[in-house]
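Asks: Below you'll find the structure I mean.
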Amino acid sequence: MNSVGRLIVVVLFEGVDLLDVTGPPEVFSLARRETEDAAGYEVVLAAVAMDPVTTAAGVRVLPDATFEHLSARRIDTLIVPGAVEIDGRRRIRAVTDPVVVEWVRRLAARTRRVTSVCVGAHVLAAAGLLDGKRATTHWSTARQLADEHPAVEVDADPIFIREGDVWTGAGISSCLDLSLALVADDLGEAVALRVARQLVMYLKRPSGQSQFSVPLEQVSTTRRVEDLRHHILGNIAAPLTVADLAAHAHVSDRQLTRIFKTELGTTPYAYVESARVEAARQQLESTDATLERVASACGFGTVDTLVRAFRRRLDTTPTEYRRRFRTGAA
């Protein structure tokens, strides 16, 4: 191995999501290539035993080592993927193996940097590695993570979150964003940019970028709220005050606020703002419209209001967002 020596261990277990396992090694491999191996990354897939592991995609993966083999080695980065189960009502739940959780706890003690991909955050939480920390996971299991681990400050919105030497990533594809951020942290933005270009990716989706679009949020259980959601999305440039929405739903202002809190876990104002940010994101990605026109078309009124909403929701500016994510068609 190169004298730089960065041992990257990816945790394997039955039912693990395949891209969680294969995505990060691809990024680190390209980093080695782009630095003529000066990056010094050594990627090892590790499991309880050396038997093939069947992933959620049905593809079998062969471990390079067992956890026991690595227990005496100093690990630079421990990457913990996740696994889910789906019940008869199509509800998704993250699942953890107590044996894997215990090994992650033990290996983390010998690791400089611990990371989770997607629902792998549930493994870190079960190992006690997220207590007192802000963390993210896939939006579909965020409530489960918060309910089962109240000591963890769960934020379901960002692509990834860094809390000191612990990093958590959101959706499956965001493992690439997280891995690029790790490369940038190790080797600088220039190397990470070269890797991103090889992957035909943007460098980089900001860690604060929302992991899901407003229309993809969990569907409400009531027809009234679904009608309100469609009304908001279809009239995004309108005022959409609490009074306006209450009148549309034929309820009082107070009742409307209570309905949003119960059904969507947010306030009418916050939901409308997130919907407007989503609409603005789409325009910034796909059109040449000026910021003034985007602000007007999406109901912000002024560019200042648009900018404040982007900073609040995405931790970036509309101009920076367009620079990173504008499509070729635009």
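The values are calculated or read from the model by the stated rules, or taken from the named source; none is laboratory data. Keep in mind the model is a prediction, meaning the values are calculated, not measured. Cβ coordinates were reconstructed from backbone atoms using ideal geometry, including for glycine residues, and neighbour counts include every protein chain displayed. Accessible surface areas use protein heavy atoms only, side chains included; no ligands, DNA or RNA. Shrake-Rupley method; radii C 1.70, N 1.55, O 1.52, S 1.80 Å.
Asks: Can you compute the modelled spin-label distance between Thr290 and Asp304, with each label point 7 Å from Cα toward Cβ, in nm?
Replies: 1.8
Asks: Right, another one. Please work out which option in (i) 20.2; (ii) 19.5; (iii) 21.4 gives Kirkwood radius over Cα pairs in Å calculated from these coordinates, and answer with its label.
Replies: Comparing each candidate, only (iii) matches the computed number.
Asks: Shifting gears a bit: Which stretch or stretches of the range 65-79 have amide N atoms under 17 Å from the point lying 7 Å from Ala49's Cα along the Cα→Cβ direction?
Replies: Residues passing the 17 Å test: 65-69.
Asks: Determine, from the Cβ-Cβ distance of Asp227 and Leu18 and an R0 of 41 Å, the FRET efficiency 1/(1 + (r/R0)^6), rounded to the nearest 0.05.
Replies: Numbers: r = 39 Å, r/R0 = 0.94.
For R0 = 41 Å, the calculated efficiency reads 0.60.
Asks: At 7 Å along the Cα-to-beta-carbon direction for both Ile92 and Arg33, put a label point, then send me their distance in nm to one decimal.
Replies: Inter-label distance under the simple model: 3.0 nm.
Asks: May I ask for the angle, rounded to the nearest 10°, between helix 253-264 and the longest principal axis of the chain, with both axes built from Cα atoms and the value confined to 0 to 90°?
Replies: Taking Cα atoms only, the helix is inclined about 20 degrees.
Asks: From the helices alone, meaning DSSP H stretches of at least four residues, give me the mean residue ellipticity at 222 nm for the chain, per-run term -39500 (n - 2.57), in deg cm²/dmol to the nearest 500.
Replies: -13500 deg cm²/dmol
Asks: Just add up the charged neighbours of Ala125: K/R +1, D/E -1, any other residue whose Cβ is under 15 Å from the Cβ of Ala125. Don't skip to the answer; put the middle values down first.
Replies: Details: positive: Arg93, Arg105, Lys133, Arg134, Arg143; negative: Asp97, Glu102, Asp131, Asp147, Glu148, Glu153, Asp155, Glu163.
Neighbour charge sum, excluding Ala125 itself: -3.
Asks: Picking from Leu256, His231, Gly301, whose Cα lies most toward the positive end of the charge dipole for the range 225-330 (charges on Cβ: Lys, Arg +1; Asp, Glu -1)?
Replies: Working it through, the farthest residue towards the positive pole turns out to be Gly301.
Asks: While we're looking at this one, here's another question. Find how many whole Å separate the alpha carbon centroid of the range 46-87 from the alpha carbon centroid of the range 286-329.
Replies: 41
Asks: Which residue, chosen from Val166, Ala270, Val99, occupies the Cα position most advanced towards the positive end of the dipole of the chain, where the dipole is computed from +1 (Lys, Arg) and -1 (Asp, Glu) charges on Cβ about the Cα centre?
Replies: About the Cα centre, the residue reaching furthest to the positive side is Ala270.
Asks: Kindly state, to the nearest 0.05, the FRET efficiency for Ser71 paired with His250, given R0 = 56 Å and r defined as their beta-carbon distance. Let's see the in-between values first.
Replies: Details: r = 64 Å, r/R0 = 1.13.
Once rounded, the FRET efficiency stands at 0.30.
Asks: Which of the peptides 251-257, 181-187, 81-87 is most tightly packed, and how do the rest follow, judged by the mean count of other Cβ atoms within 10 Å per residue?
Replies: Sorting 251-257, 181-187, 81-87 by mean packing, highest first, produces 181-187, 81-87, 251-257.
Asks: Please calculate how many Å² of accessible area the chain carries per residue, with a 1.4 Å probe and no DNA, RNA or ligand atoms counted.
Replies: 47
Asks: Follow-up question, since we're still on this one. Give me the percent of the accessible area of the range 29-75 that comes from carbon and sulfur atoms, probe 1.4 Å, all protein chains in place.
Replies: Carbon-and-sulfur percentage of accessible area, whole number: 50.
Asks: If one takes the longest principal axis of the Cα atoms in the chain, at what angle in degrees, from 0 to 90 and to the nearest 10, does the Cα axis of helix 98-108 lie?
Replies: Helix 98-108 sits roughly 80 degrees off the main axis of the chain.
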